[in-house]
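Reviewing the structure listed below.
Nothing in this text is a laboratory measurement; each read-out follows from the coordinates by a stated rule. Everything numeric here is computed off the predicted structure, so don't read it as measured data. In this analysis, Cβ positions are derived from the backbone assuming ideal geometry, glycine residues included, and neighbour counts consider all displayed protein chains.
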Amino acid sequence: MGLVGVNMNRFLLVISVLMILFSSCGEDVAYRIEGKLTNLEDQTVYAVFESDNLTVIDTVVCDKPGQFAIRQEKLGFNQATLFFEDKTSWFPVYLDDKKGKITITGDMHYPSLLQVKGGRINNDLSAFRKKHAAMFKEQANLYAGLKKTNGNQSMDGNDFASRLTNLNHQLSEQALEYIHDYPDRQASVVLIQTYFTDPDDTRKLDELLIALDPRLKDFYLVEELEQFSARAKRTALGAEAPDFTVKNVYGEQVSLDLSSQKYLLLSFTAPWCDMCQTEDLYLDEFDKTYSKEDLTQILVSLDDDMKGVRELLAKDSIRWNLITDSAGQAAMLIDLYNVSSVPRCFLIDDNCKIILKTESGLEVKQTLEKLIE
């Protein structure tokens, strides 16, 4: 072989090595989440990667119907939450400190049955879902049937709700059995979070956390659940209401000051929540029925559209003491009062004690009628 041939071989070898290196750089990602889903109508998928102090949001469009690949270059995330169908459906994927590929397969008609492979937690949870597939499938069908009734108190609606309550109880029993069988698995902590985080009663949560293997104490979800329990106790019935100082939409300072009235009603709402309308919560009626000396109302709304809020207030005959999220104030109060869903109402007495916590305006009305004659 001549000199030219040797040099050409070396040249081709260098090119090959460079191509491999560039190819490797392109795939040098910490996490790769691949999906192959059926019956996915909206082909845009959102991914929220979360750690203790960092959140990264990514958006991908499926290359083919139901098929996508999400790449994340950074390590250190605890989990990624994937949002489907215009963010109406979501599913968590658990990550660890090792690089690797995670695959998601399944039917989007039954999102609770999606199978996730890659990582111990994902594999264990997928096995749990597969074992109880019939129950999860029935649960999805009941939710769909209940949705078609639009929440009406019809015979079908009541039947769906009753069967769903019973089925959810059965699933929680299966989760409890798994937790007792595998107290050393991180998947057990996920099941505790899924089935036993009642913001109004933390006794079962506390009991299960104590029963976990001590080696799990540094697992991030254990720490989060311990903090959840502490926050829930902070707003339990009979507890002293957490103090705060914020400004309402008129720029006036608002605080937990009951020196000039008997009761304070703190109501958390959102503009997209049908049950949160002031008339549905009886808030309009309370304003007309009770004097400021008897009852003061503070309305906290998850709405940062200050212009829209002021336009609505201008049309309302009631001058609402309203806190919005324009400066993160509503978010701060939601965290302070451990509000997991809206509507949520807290009735506080003149000793700053929480005497009622409910999502029902009717329950607030009946309680006030008994307290204020």
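For the chain, list the DSSP H helices whose alpha carbon atoms reach 18 Å or more along the long axis and whose average Kyte-Doolittle value is -0.5 or above?
3-26, 133-148
P(r) for region 245-371, please, calculated from all Cα pair distances in 10 Å bins and given in %.
Each 10 Å bin holds this share of Cα pairs: 12, 48, 36, 4.
I'd like the distance between the alpha-carbon centres of region 82-108 and region 167-243, rounded to an integer number of Å.
Here the two parts' Cα centres lie 23 Å apart.
By a straight-distance test (C-alpha under 16 Å), which lysines pair with K137 as possible cross-link partners, with residues fewer than eight away in the same chain excluded?
K147
Listing R185, R120, R163 from the residue with the fewest other Cβ atoms within 10 Å to the one with the most, what is the order?
R120, R163, R185
Using 0.36 nm per residue, how much length does the chain from E223 to K204 gain when fully extended, once their Cα-Cα distance is taken away?
5.2 nm
Between Y250 and R319, what length comes free when the chain is fully extended (0.36 nm per residue of separation minus the Cα-Cα distance, one decimal in nm)?
Extending this stretch completely gives an extra 23.8 nm.
Taking N as the number of residues in region 29-117, what value does Rg over Cα atoms divided by 2.2 N^0.38 Å take?
Taking the Cα Rg and dividing by 2.2 N^0.38 Å, one obtains 1.01.
If neighbour count is taken as other Cβ atoms inside 10 Å, put W272, W90, W320 in order from fewest to most.
W272, W90, W320
What FRET efficiency, computed as 1/(1 + (r/R0)^6) with R0 = 51 Å and r the Cβ-Cβ distance, is obtained for E293 and T197, rounded to the nearest 0.05?
Using R0 = 51 Å, I get an efficiency of 0.85.
From a point 7 Å beyond the Cα of D213 in the direction of its Cβ, which residues of region 108-137 have a backbone N at a distance under 19 Å?
118-128
With each pseudo-label sitting 7 Å past Cα toward Cβ, what's the K36-K64 distance in nm, one decimal?
Roughly 0.9 nm, to one decimal.
Treating cross-link reach as a plain straight distance, find the lysines whose alpha-carbon is under 24 Å from the alpha-carbon of K370, omitting any fewer than eight places away in the same chain.
Qualifying lysines at Cα under 24 Å: K262, K288, K292, K353, K357.
Output wanted: per-residue J couplings in Hz (rounded whole) for region 244-256, from phi through Karplus 6.51 cos²θ - 1.76 cosθ + 1.60, θ = phi - 60°, x for Gly and Pro.
Result, rounded to whole Hz: 7, 9, 9, 10, 7, 5, 9, x, 8, 6, 10, 9, 7.
What are the principal axis extents of the Cα atoms in region 92-239, in Å, biggest first?
49, 48, 23
Once you sort the root eigenvalues of the Cα gyration tensor of region 65-164 as a ≥ b ≥ c, which label holds: rounded (a/c under 1.5), prolate (a/b larger than b/c) or oblate (the other case)?
prolate
Tally Lys and Arg at +1 and Asp and Glu at -1 over the other residues with C-beta under 12 Å from the C-beta of V190: what net charge comes out?
+1
Largest first and to the nearest Å, give the Cα extent of region 158-252 along each principal axis.
Here the spans come out as 54, 44, 24 Å, largest first.
Taking every eigenvalue of the Cα gyration tensor of the chain, multiplying by 5 and rooting it, what semi-axes result, largest first, whole Å?
48, 26, 22
Show that you can apply the helix-only estimate: for the chain, add -39,500 (n - 2.57) for every DSSP H stretch of four or more residues, divide by all residues, and state [θ] at 222 nm to the nearest 500.
-13000 deg cm²/dmol
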